[in-house]
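Report on the structure given below.
The values are calculated or read from the model by the stated rules, or taken from the named source; none is laboratory data. These figures come from a predicted structure and were not determined experimentally. A quick note on method: Cβ atoms are made from the backbone with ideal geometry, for glycine too, and the neighbour counts reach across all protein chains shown.
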Amino acid sequence: MRRRQVIAAFAASAALSAPPILRAQTRFRLALTPVFLDNDARVIEQLRAALSEGTGQDIDLVQRRTYQEITGALLDGSVDAAWVCGYPFLQHKDQLSLLGVPVWRGRPLYRSYLIVSAGDAAERIEDLRGGMHAFSDPDSNSGFLVTASDLARMGETPDGFFSRTLFTWGHRNVVRAVAGGLVRSGSVDGYVWEALSVVEPDLVPRTRVIARSELLGFPPFAARTDRIGDADVAALQRALLGMNGTATGRAALDLLFLDRIAAPDLRLFDGIALRMAELGQDG
């Protein structure tokens, strides 16, 4: 059984066994995935304040190390909604629905960047054969899927093309691994790389982008489809879509380098689905 089927089966079982009254008595829990720029307490508190104000209820922001942990928590009901990546969202599209998609630099889109150290002579992915490579997370679109599908187009796999690969469990850590010479190259979220160039100006210039993917759907907010009609989930969606209209929400968006949260549009993720298909996965 494939991993996502195992996760889904476990989540369905857990959801059936959990008394509904327990869920109603807990605070609303929104999970933040590794796409989140930083663990900065100021950013987290500002986002929590904006969403609590927008929903009229207390919001707990839950952080996890991996996309798999977040996906499992969302499916089994441990959290009520999550900021996910487009890749795991599509892996579980039969059980999840979009709440909103962040808009960055005027569009609900972003790119995956392939980076090397600033002094590396590589100009394209073909030049990286035999080197060490850092991925962010095996369920990350920008931090794994894009590069893996680029290699598949070349008739290659990450394990066969690179001498060694590793997962850093965070886009910021990919940048650090490349900048510090731990690996020759890395696959990173372009939004995170660009934001880090502002908040860590001594780090990012030690790396260089040698390839940018096509524009792809920005990591969205999602909830389980069977909960879309719940009042608290609907309230969160309204709060997300209205963040740019309040001072508290605007402050949170500014800290995240985002313009606003746009209404859901599944078509934004067609490009990710195509890349999944190149690896023989459903999207």
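Of the helices (runs of 4 or more DSSP H) contained entirely in segment 174-283, those carrying at least 2 residues that are assigned by TED's automatic domain parsing to the domain that holds Ser117 and touching a strand residue (DSSP E or B) at 6+ places or on another chain (Cβ under 6 Å) fall at 190-199.
Screening Glu126 with (1) under 15 Å from Ser187 (Cα atoms); (2) buried (at least 20 other Cβ atoms within 10 Å of the Cβ) gives one miss only, at (2). None of Ala134, Ala118 is surrounded by 20 or more Cβ atoms within 10 Å (Cβ to Cβ) and not charged (D, E, K, R) except Ala134.
To keep it simple, each residue is scored yes or no on (1) over 17 Å from the mean Cα position of the chain (by Cα); (2) under 25 Å from Ala31 (Cα atoms).
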{"residue": "Ser197", "(1), (2)": "yes, no"}
{"residue": "Ala231", "(1), (2)": "yes, yes"}
{"residue": "Ala235", "(1), (2)": "yes, yes"}
{"residue": "Asp254", "(1), (2)": "yes, yes"}
{"residue": "Phe257", "(1), (2)": "no, yes"}
{"residue": "Pro264", "(1), (2)": "no, yes"}
{"residue": "Glu278", "(1), (2)": "yes, no"}
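Does Ala15 satisfy the condition of being small (Gly, Ala, Ser) and either at pLDDT 55 or above or surrounded by fewer than 13 Cβ atoms within 10 Å (Cβ to Cβ) (or both)? So Ala15 fails the test. The residue that is nearest to Pro264 (Cα to Cα), counting only those in segment 59-108 that are buried (at least 24 other Cβ atoms within 10 Å of the Cβ) and among the aromatic types (Phe, Trp, Tyr), is Phe89.
Can you name the residue in segment 45-80 that is without any contact (Cβ under 8 Å) to a residue 40 or more places away in the chain and of a type in the set (Lys, Arg) and, of all such residues, is nearest to Leu32 (Cα to Cα)? By that ranking, first place goes to Arg64. Of everything listed in (1) modelled with pLDDT of 90 or more; (2) surrounded by fewer than 17 Cβ atoms within 10 Å (Cβ to Cβ); (3) hydroxyl-bearing (Ser, Thr, Tyr), the single unmet condition for Thr55 is (2).
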